[in-house]
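Just below is one structure, and these are the notes that go with it.
The values are calculated or read from the model by the stated rules, or taken from the named source; none is laboratory data. What you see is a predicted model; the values in this text were computed from it and never measured. Every residue, glycine among them, receives a Cβ derived from its backbone with ideal geometry; neighbour counts consider all protein chains shown. When the accessible area is computed, the model is the full protein with side chains, heavy atoms only, and any ligands, DNA or RNA have been set aside. Shrake-Rupley method; radii C 1.70, N 1.55, O 1.52, S 1.80 Å.
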Amino acid sequence: MNEMILLPGREKSLRRHHPWIFSGAVAGIKGDPAPGETLLVRDARGQAVALAAWSPASQLCGRVWSFDPAETIDREFFRKRLRQAIGLRQQMGLNAPDGGCRLVASEADALPGWIVDRYGDWLVIQCVSAGADRYKDMFLDLLMEETGCRGIYERSDVSVRQREKLPPVTGTVRGETPPDKVLITEDGVRYHVDIRHGHKTGFYFDQRENRIAVKHLAKNRRVLNCFAYTGGFGAAALAGGATHVINVDSSAPALALAERTMQENGFTASQYENRVADVFALLREYRDSGRKFDLVVLDPPKFVENKGALPRGCRAYQDIARLGFQLLNPGGLLFTFSCSGLMEMPLFQKLTADAALDAGVQGRIIRQLGQSADHPTALAVPETFYLKGLVVEVQS
Ligand code: SAH
C-alpha cells in the first residue's frame, strides 16, 4: 500500500480522531498513488496511525477512512458504516416512506466526502472528495442494496469539488430517474422539492426540528419568513395556526416552489404572500412604514465563509437581527439563525443581544436551536456543528 508520511508532531490531530490531513503536515508520499487512493498514514517515527484517502489537488490532502491502520477499506467496510448511518436515522423515526432526511452526513457519519439525502423513494447524493469519488460505484451499489430506493440522482455540482479538481457531475446514477419535483411529508406538512436545481440536494433537512419549533409557536401570529427559499418555515407556520405568512426571498424560482407547497397544503391566497425582494431592503421598508409582525424568521445564507469574513459577517447578522427586532410586536418571537461554522454560539448570542439593544427592545432567549439530529456532529470535528439558532421573545 502506498504511504503518507507526516512531519514530526503533525499526527496529534489524528490521534484525537480529527479526520483531516492538510498538505502542510505531510513530509512526503511513498509510491505513486492515484487521486482518491487509500494511503497508510505514518507519523514521523514510522508508526501507522490511520488509513486516509489521497486528495493530491487539495490543501486538504487526506481524509481519514479509519483510525485503525489494520482495517481493510473495502465493500464490507463501507457497508458497515452505511448500515450504522441508516440505522441511526431509523432509530430517530426518520424512515417514514413519504418523508425525507439526511442519511449520510459525511465526516459526522465517518464517511467523509459523501452526503446522501432521502426524499421518499429517491436518494440524492453529493460526492465532494477524490476518495469518495474513487469508491463511488461501490457506494452507489451499496446504497441501492441497503435502502431499496427506486433511484439515485447525483448533485455533485458543488464548488468544493473544484478544490479537488473534480468536474461537476449531475444526473441519474442508479435505478429510475426521479420526477422533476418530489413531494415529501414532514410533521404532517407537505413540501415540494426540486432535487435537480434546488440548493444543496433540494431541501434544508438541517432545519427540520426548527421548522417544527416554528410550527409549535406560530399560532395566531403574523409571520415574516426572511430568506424563505421554498417556504419551509412559512408552510410550517401556517400549519401551526399562523394568521398570515410573508415569505421573502431574492429567488423567484424558489418562491414559485413555495407557492406550490402552500397550495399543496390547502392554504389560501389570503393567508400568505410570496415576495421576491432583497431582505435587507425590505426589512428597512417595513420598518420605515411601521409594519409589525409577531414572529420573524431570519435564516440567511452563510455570511462567514472564512475567518477573514468574520467581522463583516457579524455586522450583517447583527444588522438583520436589529431590523427583525424593530418589526416585532411586544411578545413577538425572533427566530435568528447562522449556518456559518465559524460563528460560535456565544458570539452569535452576543450579536443578537447587541441587536436588541440597538433596536431598543428587551428580549429573552426561550430556545437555543441547532441542526437537526440527522446532521450529527463528529465529536472531534467541532466544525461539523454549523447551524445554530436562537428564539428570542421580545418582552412587553
Ligand atoms: N430558510 C430556508 C433556507 C434559506 S437558504 C429554508 O429553511 O428552506 C438562503 C436563502 O436566502 C436562499 O434561498 C437565497 O435565495 C436567499 N437570499 C440570499 N440573499 C438574499 C437577499 N439579500 N435577499 C433575499 N433573499 C436572499
Ranked packing of 239-246, 174-181, most packed first, by mean Cβ within 10 Å: 239-246, 174-181
Kirkwood Rh, angstrom, the range 87-232 [1 / mean 1/r, Cα pairs]: 16.1
Qualifying lysines (Cα of each under 23 Å from Cα of LYS165; at least 8 residues distant if same chain): LYS30, LYS136, LYS200
Protection proxy ranking, peptides 148-158, 29-39, 228-238, average beta carbon neighbours within 10 Å, highest first: 228-238, 148-158, 29-39
Using distinct alpha-carbon pairs, which all enter the 1/r mean, Kirkwood radius of the range 3-66 in Å: 11.2
Carbon + sulfur, % of accessible area of the chain - ligands and nucleic acids excluded, 1.4 Å: 50
Under-5 Å amide H pairs with ARG367, H placed in peptide plane, nonlocal only: VAL391
5 angstrom amide H check on GLU186, placed H, neighbours 5+ away: TYR191
Residues ALA269 and THR185, FRET efficiency given R0 of 25 Å [Cβ-Cβ distance, rounded to 0.05]: 0.65
Sequence ranges 334-343, 261-270, 82-91, ranked by mean other-Cβ count within 10 angstrom, highest first: 334-343, 82-91, 261-270
Rounded tilt (10° steps) of 345-359 against the dominant C-alpha axis of the chain: 20
Positive-end residue of ALA27, LEU342, VAL361, charge dipole of the chain with Cβ unit charges: VAL361
Zero-based 10 Å bins, Cα pair distances in the chain, whole percents: 5, 22, 29, 24, 14, 6, 1, 0
Of the GluC sites (Glu not before Pro) in the range 71-127, those whose Cβ has at most 16 other Cβ within 10 Å and which sit in DSSP loop: GLU71
Per-residue [θ]222 nm for the chain (sum of -39500 (n - 2.57) over DSSP H runs n ≥ 4, rounded to 500): -8500 deg cm²/dmol
Residue-by-residue Karplus 3J(HN,Hα) for the range 139-153, coefficients 6.51, -1.76, 1.60, Hz, glycine and proline x: 5, 5, 4, 4, 4, 4, 5, 7, 10, x, 6, 7, x, 10, 10
Label point 7 Å beyond Cα of ARG79 along Cβ direction - residues of the range 128-169 with amide nitrogen under 19 Å: 135-149
Residue with peak Gaussian network fluctuation, the chain [Cα springs, cutoff 10 Å], from ASP74, ASP121, ASP187: ASP74
Size of electric dipole in the chain: Cβ of Lys, Arg +1 and of Asp, Glu -1, about Cα centre, debye, nearest 20: 800
Average accessible surface area per residue within the chain, 1.4 Å rolling probe, Å²: 42
Where the Cα pairs of the range 1-154 fall when distances are cut into 5 Å bins, in %: 2, 9, 20, 21, 17, 12, 9, 6, 3, 1, 0
Using θ = phi - 60° and Karplus 6.51 cos²θ - 1.76 cosθ + 1.60, couplings along the range 177-190 (whole Hz; Gly, Pro as x): 7, x, x, 4, 10, 10, 10, 10, 10, 9, 6, x, 9, 9
Computed P(r) (all Cα pairs; the range 185-394; 10 Å bins; percent): 9, 37, 39, 15, 1
Rounded to whole Hz, the Karplus (6.51, -1.76, 1.60) HN-Hα couplings of the range 95-110, x for glycine and proline: 9, 4, x, 9, x, x, 5, 7, 8, 9, 10, 6, 3, 5, 10, 6
Three-way shape label, the range 85-139, alpha-carbon gyration tensor, a/c 1.5: prolate
Of GLY370, GLY389, PRO330, farthest towards positive along the dipole that unit charges on Lys, Arg, Asp, Glu beta carbons give the range 329-396: PRO330
Cα→Cβ-extended label distance, 7 Å offset, between LEU379 and GLU305, nm: 3.5
Low-density loop positions, trypsin sites (Lys or Arg not before Pro), the range 206-285 - DSSP coil, at most 16 other Cβ in 10 Å: LYS219
Residues ASP157 and THR72, FRET efficiency given R0 of 35 Å [Cβ-Cβ distance, rounded to 0.05]: 0.60
